[in-house]
Amino acid sequence: MSQLHVINHPMIQHKLTIMRKKETGSKDFRQLLNEISLLMGYEVLRDLPLEDIQIETPICKMTGKEIAGRKLAIVPILRAGLGMVDGLHTLVPVAKVGHIGLYRNEETHKPVVYYCKLPEDIQKRLVILTDPMLATGGSACDAICMLKEKGCNNIRLMCLVGVPEGINKVQAEHPDVDIYVAAVDDHLNSDAYIVPGLGDAGDRIFGTK
């Protein structure tokens, strides 16, 4: 069964509260999202396997540790997921980045696919799928399906804020995908927006509203 990980570190909660404020502008919103993504990345990647490596310090030879196993890929769901890439890339500069383009039909609230570009060896990588808001769960589930169709079998979903509706949908449809969030909010309103949420993350990141 998919595990839900709520990363409630004090620094993350502090920064998230500032992001929620309606008076927070796009510049600060982007910077805070970048910082939170970096902090969350530590927990998302906490269980990466290590292997021994022989090195020489200025003093002597020693056995150190380095990350072993699968390489990483960061795949944002466009467009808001882009705001989480830089923070993760700071943590793992060698990770490749793919893109999945989805938008929500305003009447049906269902996701519509318009773009998909992934690394050629995506099936060999641990994939971190990013989207700040896990609302209905439709976009996340569709994106996960697209990744699985490409042969991916090690996927982690990283969001800023989720609600039970979206979390339950992802867990039901993709029980092999763990979910990482900084907060679980109360519910969705009639327009399928997260309450209390922080508004439209894409618009706030890019200043389009």
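The values are calculated or read from the model by the stated rules, or taken from the named source; none is laboratory data. Because the structure is predicted, anything quoted here is derived from the model rather than measured. A quick note on method: Cβ atoms are made from the backbone with ideal geometry, for glycine too, and the neighbour counts reach across all protein chains shown. Just so you know, the surface numbers come from the protein's heavy atoms only, side chains and all, with ligands and any DNA or RNA stripped out. Shrake-Rupley method; radii C 1.70, N 1.55, O 1.52, S 1.80 Å.
Can we say residue 2 is under 16 Å from residue 180 (Cα atoms), under 18 Å from the mean Cα position of the chain (by Cα), modelled with pLDDT under 95 and open to solvent by less than 30 Å² (accessible area, probe 1.4 Å)?
Yes, satisfied.
Farther than 25 Å from residue 171 by Cα and either surrounded by fewer than 10 Cβ atoms within 10 Å (Cβ to Cβ) or not aromatic (Phe, Trp, Tyr) (or both): which single residue out of 36, 18, 12, 7 fits that description? Talk me through it step by step, then tell me what you get.
Values: 36 fails: farther than 25 Å from residue 171 by Cα; 12 fails: farther than 25 Å from residue 171 by Cα; 7 fails: farther than 25 Å from residue 171 by Cα.
Only one candidate passes the filter, namely 18.
Looking at residue 193 and the list (1) at pLDDT 95 or above; (2) surrounded by fewer than 20 Cβ atoms within 10 Å (Cβ to Cβ); (3) not polar (S, T, N, Q), which single condition is not satisfied?
(1)
Kindly provide the set of residues from region 154-175 that are under 16 Å from residue 98 (Cα atoms) and either open to solvent by 50 Å² or more (accessible area, probe 1.4 Å) or not in a loop (DSSP other than H, G, I, E, B) (or both), ordered by number.
Narrowing region 154-175 to residues under 16 Å from residue 98 (Cα atoms): 154-158.
Hits for region 154-175 are 155, 156, 157, 158.
Pick out, from region 52-127, the strands (runs of 3 or more DSSP E) lying fully within it that include 2 or more residues that are open to solvent by 50 Å² or more (accessible area, probe 1.4 Å) and free of Cβ contacts under 8 Å to residues at least 60 places away in the same chain.
Correct list: 61-67, 99-104, 111-117.
Quick one: count up the residues across region 21-33 that are surrounded by 12 or more Cβ atoms within 10 Å (Cβ to Cβ) and either of a type in the set (S, T, N, Q) or free of Cβ contacts under 8 Å to residues at least 12 places away in the same chain (or both).
4
State all residues of region 172-191 that are in contact with a strand residue (DSSP E or B) (Cβ under 7 Å, 6 or more places away or on another chain) and touching a residue at least 24 places away in the same chain (Cβ under 8 Å); if no residue qualifies, say none.
177, 178, 179, 180, 181, 182, 183, 184, 185, 187, 188
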